[in-house]
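The values are calculated or read from the model by the stated rules, or taken from the named source; none is laboratory data. Note that the structure is predicted; figures quoted are calculated from it, not measured. Here the Cβ positions follow ideal geometry from the backbone for every residue, glycine too, while neighbour counts run over all protein chains shown.
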Amino acid sequence: MRSLKRVEGINVVPLIDIMLVLLAIVLTISSFIALGKLEIALPKESVAQTKLEPKRFDISISKDKKFFVNEKEIARAALTEELKKVTKEDLVAISADKNSDYEDFVFVIDILKTQEIEKISMVVQK
């Protein structure tokens, strides 16, 4: 009687063949999706949501300690009340003269931080 030889390893060639076929399928389908050739009818929402457009608040500080909100001069005492209108979705841009006091800049930042406004941009010149 002859004995059969024992195979000591796994034959990975069929596994590689299957993986290459799957890769070809995925690449073919992804190219159709990327080119927009597959038409997919998306469901419509039943309730129309009205999203408010974010407002823009441009806050300027001049070198002579004057504050401006959207190019309208405002007193330092009234600035707190004016900035209470800012919501978290609004865009806030601060521009300060390079010769203005740092204290005024920090004053504006403190008002915005107490209202938990995190999206603040600072305008600079190149």
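Just to check your reading of the model, which residue among 59, 40, 10 is surrounded by 10 or more Cβ atoms within 10 Å (Cβ to Cβ) and either modelled with pLDDT under 85 or not hydroxyl-bearing (Ser, Thr, Tyr) (or both)?
59 is the lone residue from the list that is surrounded by 10 or more Cβ atoms within 10 Å (Cβ to Cβ) and either modelled with pLDDT under 85 or not hydroxyl-bearing (Ser, Thr, Tyr) (or both).
Of everything in the range 46-56 that's loosely packed, with under 12 Cβ neighbours inside 10 Å and at pLDDT 75 or above, which residue is farthest from residue 123 (Cα to Cα)?
53
Does residue 30 satisfy being surrounded by 10 or more Cβ atoms within 10 Å (Cβ to Cβ), hydroxyl-bearing (Ser, Thr, Tyr) and modelled with pLDDT under 90?
yes
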